Amino acid sequence: MTTPTPNAHKGQSPAEAVRLSSRHLLGIEGMSPLEIRALLDRGNHFADHPTDGNSVALHGKTIVNLFYENSTRTRTSFELAAKRLGGSVLNIAVAGSSVKKGETLLDTATTLNAMHPDILVVRHNCSGAARLLSQHVDAAVINAGDGRHEHPTQALLDALTIQRRIGRIEGLTVAICGDIANSRVARSNIHLLSTLGAKIRLVCPPTLLPADIQHMGVEVYTDMESGIADADIVMMLRLQTERMAGTETPSQREYFNLFGLNQDKLNRAAPRALIMHPGPMNRGVEIDSAIADDVEKSLIHIQVEMGVAARMACLEAISLGAL
Amino acid sequence: MTVTRFYNAHIIDPSQAIDGIGYLDITDSHISAVSLGQPATDATCDKKIDCKQAVLAPGLVDMRVQSADPGAEHLESLATLLAAAAKGGITALACLPNTRPVIDEASAIDSLCLRASRIGGPRLYAYGAATKGLEGAEMAELGLMAEAGAIGFTNGTSAIANSLTMRRLLAYTSMLDRPFIQHCEDPDLTEKGEMNEGETSTRLGLIGMPAEAEVIILDRDLHLLRRTGGRYHVAHLSTRAAIDAVRRAKAEGLAVTADTAPPYFLLNELAVSTYNTAFKLSPPLRSEDDRLAVVEGLADGTIDAIASDHMPVDRDAKTQPFGPAAPGASGVDTLLALSLTLVHQNHITLSRAIELLSLAPSTILDIDGGTLMPGASANFMLFRPDSSWIIKGADFASHSRITPFESHPVQGVVDMTYINGEQIYPVTALD
């Protein structure tokens with residue numbers, strides 16, 4: 001049985017709850033197009049019915065948000081999604097916890113495991129941390145971002161945002177711009193959008209380009225204007241300020257000049273091109289404020305809204321267990 | 001005076017180009033005769049051992065071992081290290097200076113070697129730290145350490161980054177006639193690195209260390225070596241470019257030797273795909289093309305020796321995300337069997353394997369061993385090259401049980417190990 005749900009790809013009928021082939025949601029890489037589409041359909045349903053009265057998927061279940069990196073957006077989004085599905089949410093804040101006292105990831109996991117949570121939502125600064133955790137706890141694990149590796153729910157919410165606005169993903173040209181090397185958002189989006197048939201371009205300075213990424217089926221540009229030419233979606237990534245201090249790039253000024261998104265550069269994209277950003281934004285560094293706030297072009301706020309819906313679909317699917 | 005005869009043995013001794021069924025006589029602690037064929041008379045023997053055509057070869061000389069003792073005895077004591085070596089057919093091993101305290105002065109060399117000799121078993125030799133505290137800056141007392149028995153000098157698991165320091169070290173060690181052992185890895189290019197750089201590191205989101213980091217240091221050192229003279233040894237070669245550079249340097253006549261370790265000719269970077277930290281090694285597992293180059297280098301003589309690269313690490317250091325997990329793995333238990341894979345895959349002959357594991361390292365380090373020549377110390381081992389087993393870290397004699405070869409099927413079982421005519425493995429003497 002490989003079809004996640006009977007009506008996953010029909011689109012029109014109300015999407016049903018999804019079940020995945022894996023017990024955990026650790027990354028987009030390896031997920032089938034059917035699974036992804038089913039999650040998007042279910043997310044779409046939750047976007048239309050954010051407080052779906054019939055949904056009690058997480059009733060009586062405990063969801064632990066274990067965040068080793070600061071996050072407001074993703075953590076609250078998961079919390080809200082879990083609560084809307086009737087679950088109990090426990091947030092483990094890193095500051096002041098035993099993590100700061102030298103306890104290892106797995107000691108913490110063992111401790112949490114003894115409390116028998118149903119789902120662990122984990123964010124960690126090390127690539128592979130979510131997978132490691134999944135091997136040592138009884139709970140199902142959702143990766144809320146692991147190092148530079150993957151951020152699967154971000155890619156799902158991005159796809160849901162695009163799907164709702166444009167109606168399709170297949171055949172679109174998506175330019176992902178900025179710090180690709182250090183971005184888990186970029187990797188998950190490359191996997192997801194290319195799995196669903198979009199054409200991916202990466203635009204960044206060579207110092208922020210990871211090795212051999214062309215093998216992941218993307219086109220690479222170091223010139224922003226040609227990179228976003230005729231693109232349907234321009235997805236901007238955050239660049240940490242310390243990477244603009246003469247290390248990866250010479251300065252903020254130069255970065256904005258070459259790789260920041262302003263109206264001039266945007267004019268090269270497709271006429272109705274849409275702008276996305278996973279947040280938090282460095283206004284004036286990677287994106288001009290006027291563009292970020294342009295409701296006609298910018299999907300940035302819709303992304304946040306879709307975050308809750310996409311995560312509801314994920315939490316529900318994971319709570320149902322693997323097929 | 002006691003004479004023991006080992007007959008009906010498959011004698012392999014690359015130092016005398018012997019490879020065939022024959023016998024070996026030992027008289028007390030030394031080899032007194034070795035020959036192909038059946039012995040003419042056995043009247044003079046006190047004891048005879050039928051080797052049943054098992055291979056009898058010089059004991060292995062493991063030229064790259066990290067001892068956790070002193071300083072981290074919870075990982076491994078000298079006693080378990082030596083016991084594991086004996087079980088692995090190793091009769092001599094050379095320890096890196098990166099213990100705590102660092103072996104950067106004569107008394108530390110003395111202390112380590114003396115403690116090992118009290119335990120008995122395989123002979124332990126020590127490298128001296130090239131720089132004080134292994135910090136890569138001030139030259140350590142190399143001359144005094146050489147007098148105390150240091151068999152070579154190295155900065156352990158890091159390269160000498162400063163070119164001037166390196167030039168001086170090569171020049172100074174040339175006076176002492178000891179090899180300089182370099183871990184070729186440019187520290188800047190590999191800063192914060194987690195695995196080999198390439199598509200796999202990109203997919204996994206791990207920080208890549210480019211293969212060029214190896215050849216950059218190597219090439220610099222070769223240029224310096226032309227000026228300074230001296231003997232230069234490259235440890236655990238892992239990349240095609242560096243192997244090519246060693247090949248060219250040898251053709252040019254530079255005094256360069258090199259070793260590698262089993263992970264670099266048996267595994268590649270794809271092993272890291274599941275973030276299994278047992279595959280986190282230093283240098284990192286490389287591309288398949290690099291692995292093939294290592295195999296070629298072993299076959300054509302560019303790489304002189306195979307070492308275990310034994311590095312005691314415990315579960316705590318490995319049960320972590322890949323980035324912060326410690327590099328390294330256990331090696332002495334599996335050195336012979338893993339190396340014999342090259343023989344079973346027809347890349348090299350059994351005799352060449354023994355040369356790589358025994359004769360070459362003892363020649364490079366100028367230490368006793370590597371030969372069954374009459375008059376030499378009776379350091380040898382008996383093994384069945386075709387007997388198969390499955391590697392299980394839990395069964396290691398070493399206290400360090402982390403191996404990248406967990407569940408790996410191998411062939412080659414050591415039956416007996418002898419040092420100076422004394423059986424050190426199995427511990428219960430056979431009669």
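The values are calculated or read from the model by the stated rules, or taken from the named source; none is laboratory data. Not measured: the values here are computed from a predicted model. Neighbour counts are summed over all protein chains in view; Cβ atoms, including those assigned to glycine, are modelled from backbone coordinates with ideal geometry. In case anyone asks, the SASA skips ligands and DNA or RNA and just uses the protein heavy atoms, side chains included. Shrake-Rupley method; radii C 1.70, N 1.55, O 1.52, S 1.80 Å.
Would you tally the net charge around B:Arg168, using a Cβ to Cβ cut-off of less than 12 Å, leaving B:Arg168 out, and scoring K and R as +1, D and E as -1? Taking every Cβ under 12 Å from that of B:Arg168, the sum is +1. You can think of it this way: the chain between A:Glu69 and A:Lys83 has 2.9 nm of extra reach, that is 0.36 nm per residue less the Cα-Cα gap.
Using the Karplus relation 6.51 cos²θ - 1.76 cosθ + 1.60 with θ = phi - 60°, the per-residue 3J(HN,Hα) values for region A:178-195 come to x, 7, 5, 3, 9, 10, 6, 5, 4, 4, 5, 5, 4, 4, 5, 5, 6, 4 Hz, with x marking Gly and Pro.
Comparing the full protein assembly with the isolated chain, the residues of region B:246-293 losing at least 30 square angstrom of accessible surface (1.4 Å probe) are B:Thr274, B:Tyr275. Relative to the Cα centre, the charge distribution of the protein assembly as shown, modelled as +1 at Lys and Arg Cβ and -1 at Asp and Glu Cβ, gives a dipole magnitude of about 1620 debye. In a Debye calculation with equal point scatterers on the alpha-carbon sites of region B:267-423 and no solvent, what is log10 I(q)/I(0) at q = 0.14, 0.18, 0.19 Å⁻¹? Debye intensities relative to I(0), on a log10 scale: -0.79, -1.25, -1.35. Taken over the Cα atoms of region B:59-365, the convex hull encloses 113 Å³ per residue. Can you figure out the FRET efficiency of B:Leu144 with B:Arg227, using R₀ = 30 Å and their beta-carbon distance, to the nearest 0.05? Efficiency for this residue pair is about 0.70. Of the trypsin sites (Lys or Arg not before Pro) found in region A:154-205, those that fall in a DSSP loop while having at most 14 other beta-carbon atoms within 10 Å are A:Arg168. Spacing of the modelled spin labels on B:Ser388 and B:Ile119, each 7 Å from Cα toward Cβ, amounts to 3.4 nm. Most simply put, the protein assembly as shown has about 35% antiparallel DSSP beta bridges, counting only bridges with both residues inside it. Which stretch or stretches of region A:55-77 have amide N atoms under 17 Å from the point lying 7 Å from A:Asp48's Cα along the Cα→Cβ direction? Correct set: A:55. Counts of other chain beta carbons within 10 angstrom of each beta carbon in peptide A:138-151 average 2. Restricting region A:259-323 to GluC sites (Glu not before Pro) that sit in a DSSP loop and have at most 11 other Cβ atoms within 10 Å of their own Cβ leaves A:Glu296.
On association of chains B and A, roughly 1500 Å² of accessible area becomes buried (total for both chains; probe 1.4 Å). Taking label points 7 Å from Cα along the Cα-to-Cβ direction, B:Ser111 and B:Asn162 give a separation of 2.6 nm.
For region B:10-146, the Cβ-based charge dipole about the Cα centre amounts to some 300 debye (Lys, Arg positive; Asp, Glu negative; other atoms uncharged).
In whole percents, the pair-distance distribution calculated for chain A from its alpha-carbon pairs, binned every 20 Å from zero, is 33, 57, 9.
What chain A shows is 41 Å² of accessible area per residue, with the surface traced by a 1.4 Å probe over protein heavy atoms. Translational diffusion of the protein assembly as shown, estimated by Stokes-Einstein from the Kirkwood radius over alpha carbon pairs at 25 °C in a medium of 0.890 mPa s, is 85 µm² per second. Answer with one residue from A:Ile36, A:Val137, A:His151: the one whose Cα lies farthest towards the positive end of the charge dipole of chain A, charges on Cβ with Lys, Arg +1 and Asp, Glu -1. Positive-end residue among those listed: A:Val137.
Using a Förster radius of 51 Å, what is the FRET efficiency between A:Thr207 and B:Asn346 based on their Cβ-Cβ separation? Nearest 0.05, please. That pair, A:Thr207 with B:Asn346, gives E of 0.70.
Element breakdown for region B:1-67 at a 1.4 angstrom probe: carbon and sulfur atoms account for 47% of the accessible area.
Accessible surface computed residue by residue for chain B, with neighbouring protein chains in place and a 1.4 Å probe, gives 37 Å² per residue. Net charge of the neighbourhood of A:Asn143, taken over other residues with C-beta under 10 Å away and scored Lys/Arg +1, Asp/Glu -1, is +1. Using helices alone, what [θ] at 222 nm do you get for chain B, with -39,500 (n - 2.57) per DSSP H run of 4 or more residues, divided over all residues and rounded to the nearest 500? Theoretical 222 nm ellipticity from helices: -8000 deg cm²/dmol. Summarising the strand pairing of chain B, around 50 percent of its internal DSSP beta bridges are antiparallel. For chain A, the longest principal axis of the Cα atoms and the long axis of helix A:300-319 meet at an angle of about 30 degrees. Summed over qualifying helices (DSSP H, 4 residues or more, each -39500 (n - 2.57)) and divided by its residue number, chain A shows a 222 nm mean residue ellipticity of -10000 deg cm²/dmol.
When the charge dipole of chain B is built from unit charges on Cβ atoms (+1 for Lys and Arg, -1 for Asp and Glu) and taken about the Cα centre, the candidate among B:Ser111, B:Thr4, B:Ala57 whose Cα reaches farthest toward its positive end is B:Thr4.
For region A:236-312, trypsin sites (Lys or Arg not before Pro) meeting the loop criterion (DSSP other than H, G, I, E, B) and having at most 15 other Cβ atoms within 10 Å: A:Arg272. With respect to chain A, whose longest principal axis is taken over its alpha-carbon atoms, helix A:152-166 is tilted by about 60°.
Taking label points 7 Å from Cα along the Cα-to-Cβ direction, B:Glu135 and A:His116 give a separation of 5.6 nm.
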